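Just so it is clear, none of the values below were taken in a lab; they were calculated from the coordinates. This one's a predicted model, so the numbers in the text were calculated from it and none came from an experiment. Ideal geometry is used to build each Cβ from the backbone, glycine not excepted, and the neighbour counts take in all protein chains shown.
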Amino acid sequence: MTFPDLVPALKSALPQLRGRVLGNEPLAPLTWFRVGGPAQALLMPADESDLAYALASLPRELPVTVIGLGSNLIVRDGGVAGVVIRLGRGFNETKVEPGQRLRAGTAVPDLRVAKAAQEAGLAGLAFYRGIPGAVGGALRMNGGAYGRETKDVLIEARGVDRAGNVRTYSNSDMHFSYRHCGVADDVVFTQALFQGASGDPAAIAAEMDEITAKREATQPVKSRTGGSTFKNPEGHKAWQLIDAAGCRGLVVGDAQVSELHCNFLINRGNATAADIEMLGEEVRRRVQAHAGITLEWEIKRIGIDQASGTGPT
Ligand SMILES: Cc1cc2nc3c(=O)[nH]c(=O)nc-3n(C[C@H](O)[C@H](O)[C@H](O)COP(=O)(O)OP(=O)(O)OC[C@H]3O[C@@H](n4cnc5c(N)ncnc54)[C@H](O)[C@@H]3O)c2cc1C
């Protein structure tokens, strides 16, 4: 499917844009699942002021969606209407600051946050070693692992709202809860300031190696997946509910519930976004029937469902 070309209108609305804008740009290669249709326009701002300029100048009725490294995302087969923002080079710096702090742009992969902290002897950020997203996604999802989450290590974040205003959000302004940030959905985060603690680089490196080994043993980290599909309901583990409902290995089209970790869905090669989403909905239905518990999607689904022409939810 292709959208009407938005690029000429965008170029005339944004004459001073320093970044790039591409029409009907495939999004599948930018996601871990490797599925889904194109962005009507993919905008890659040069830096924070370029992003603020773009958001202030774009017509207010134009939908704007931001994506990170696509590790928690199903892009639907009909693609994403309007403008999709992806941050790149101008948001890719890390800097160690006094007081055991680390500043990172939101395009920095979480892995690099963990490594930069390790090299500087900053403890407390090693958990980012195993999360395959970038800092913007970690802020939006309150990403975490092994008993720590972004809420525990964030001092403040910066972001740009839909009107183009740049703002700093303190940890409490972020209204974090489990895999959720309460800041308005249209805010694009640009930077994060993390608090570490004094630590020994060799000990932190050993902790990171242990995380890597644990992940490789328990998760299909080399597959086309979106990580944990559903949030753990209060007092339960989603994977146990899914397993008990008989869904381990369940297949729809070329999408499958992972045999290794059954809260992970995988694209075996030729799955469509619809296959993956239908499989997830079937898992929810079976868990509801078996345990009376409604699973809530952790994975974000964006764009238009090709069959019904509807979306997003
Ligand atoms: C193998 C595997 C293992 C995983 N393990 C974990 C884990 O242990 N813990 C965990 O928490 N997650 C895990 N995940 C899920 C995922 O990596 C995290 O949710 C991650 O934080 C998403 O970051 P991303 O850059 O990929 O964001 P995307 O998937 O691209 O987007 C996710 C959400 O963040 C928003 N977003 C992205 N960038 C920005 C920005 N700059 N400003 C505002 N909003 C933004 C998007 O709009 C979307 O709503 C795993 C995923 C995989 C594939």
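Data for the structure
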item: Gap separating the Cα centres of the stretch 289-305 and the stretch 182-203, nearest whole Å; result: 28 Å
item: Size descriptor, Kirkwood hydrodynamic radius, that averages inverse alpha-carbon separations across the stretch 213-288, Å; result: 12.3 Å
item: Debye log10 I(q)/I(0) at q = 0.09, 0.22 Å⁻¹ for the stretch 1-132, Cα point scatterers; result: -0.32, -1.22
item: Paired Rg and Dmax values of the stretch 64-107, which use every Cα atom, in angstrom; result: 14.7, 48
item: The stretch 82-160 and the stretch 265-281: distance between their alpha carbon centers, rounded to Å; result: 29 Å
item: Nearest-20 debye value, the chain charge dipole, Cβ charges on Lys, Arg, Asp, Glu; result: 180 debye
item: Reachable lysines, given that their alpha-carbon falls under 27 Å from the alpha-carbon of Lys231 and they are not under 8 places away in the same chain; result: Lys151, Lys214, Lys222, Lys300
item: Fluctuation leader among Thr272, Thr225, Thr168 - the chain, Gaussian network, Cα springs under 10 angstrom; result: Thr168
item: Linear extension gain, Ala213 paired with Ser170, 0.36 nm per residue minus alpha-carbon span; result: 12.1 nm
item: For Gly133, residues with placed amide H under 5 Å, excluding near neighbours; result: Asp110
item: Charge tally in the Cβ shell below 9 Å around Val96, where Lys, Arg are +1 and Asp, Glu are -1, Val96 excluded; result: +1
item: Extension reserve of the Glu61-Ala307 stretch, reckoned as 0.36 nm per residue once the Cα distance is removed; result: 86.1 nm
item: Positive minus negative residues near Gln256 (Lys, Arg vs Asp, Glu; Cβ under 15 Å); result: -1
item: Dimensionless Rg over Rh [the stretch 136-267; C-alpha; Kirkwood]; result: 1.04
item: Solution diffusion estimate, µm²/s, Stokes-Einstein, the stretch 148-188, Kirkwood Rh from C-alpha pairs, 37 °C, viscosity 0.692 mPa s; result: 309 µm²/s
item: Most mobile of Leu51, Leu139, Leu30 in a GNM of the chain (Cα contacts under 10 Å); result: Leu30
item: Among Ala217, Ala107, Ala52, residue whose mean-square fluctuation peaks in a GNM of the chain (springs only between Cα atoms under 10 Å); result: Ala217
item: Rg(Cα) / (2.2 N^0.38 Å) computed for the chain, rounded to two decimals; result: 1.01
item: Per-selection Rg to Rh, the stretch 74-193 - Cα, Kirkwood hydrodynamic radius; result: 0.97
item: DSSP bridge orientation in the stretch 1-84 - percent antiparallel, rounded to nearest 5; result: 55 percent
item: Convex hull volume of the stretch 211-257 per residue (C-alpha atoms, cubic angstrom); result: 101 Å³
item: Selection of trypsin sites (Lys or Arg not before Pro), the stretch 1-103, meeting DSSP coil and at most 13 other Cβ within 10 Å; result: Arg18, Arg60
item: Arg89 versus Arg268: modelled label distance in nm, points set 7 Å from Cα along the beta carbon direction; result: 4.2 nm
item: Asp152/Ala9 FRET efficiency (R0 51 Å; Cβ-Cβ; nearest 0.05); result: 0.70
item: Cα coordinate range in the stretch 3-71, projected on the principal axes (Å, largest first); result: 34, 27, 20
